[in-house]
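What follows is a single structure, written as structure tokens, with notes after it.
The values are calculated or read from the model by the stated rules, or taken from the named source; none is laboratory data. All values reported here derive from a predicted model rather than from experimental measurement. For neighbour counting, all protein chains shown are included, and Cβ atoms are generated from backbone atoms with ideal geometry for every residue, glycine included.
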Amino acid sequence: MFWTCKEAHEFASWPVKQRLAALKRIVPKAKIQEILRRRGTHREVCRRCPSWFMVWFVIALGLWCKDCYRQVFRWLQPYRKDGTPGRSTLCEARRRLGVGILRDLAHEIIQVLGKPDTPGAFYQGMRLMALDGFVVDLPDTEENEKAFGRPGSGRAPGAFPQAHV
């Protein structure tokens, strides 16, 4: 699913219930559980933050990017009897989830919507696409420099590592 900036902005202004309904329709719980089973990571370590729920949670962090972790949890589970876990519990559950499940989910769910007969999707036989990104400054550590490198101007390396997202 690819959105224009205007569509993404409109989605961000939708009421909470509509955003939740869209998330659950586009990324069904059954699909998440199927991928977790295939990866062998379907056994729950934390009853309050099961893996299938944490996948929705990570995606929802983008849908409610201005809200804190605990508020995003409340949006996803407004009537939970156990209360809202602490931020550290959510951070640890997110770390435990890893990126593999999200990568596998993306490969199965994200589809190119522009077909050859879609007006404006192709130009001279080539699919039109756009990519967007940004740069994040990282702490100046050896590990970050090794993993991400430093920007350079040709005269000297940058002051700190940067990640291109």
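Structure notes:
- In the set (1) modelled with pLDDT under 85; (2) assigned to a helix (DSSP H, G or I); (3) surrounded by fewer than 11 Cβ atoms within 10 Å (Cβ to Cβ), Glu10 fails one condition alone, (3).
- Residue check, Thr141 of a type in the set (S, T, N, Q), modelled with pLDDT of 85 or more and under 28 Å from Ile26 (Cβ atoms): no
- When Lys66 is tested against the conditions (1) under 18 Å from Val16 (Cα atoms); (2) part of a helix (DSSP H, G or I), the lone failure is (2).
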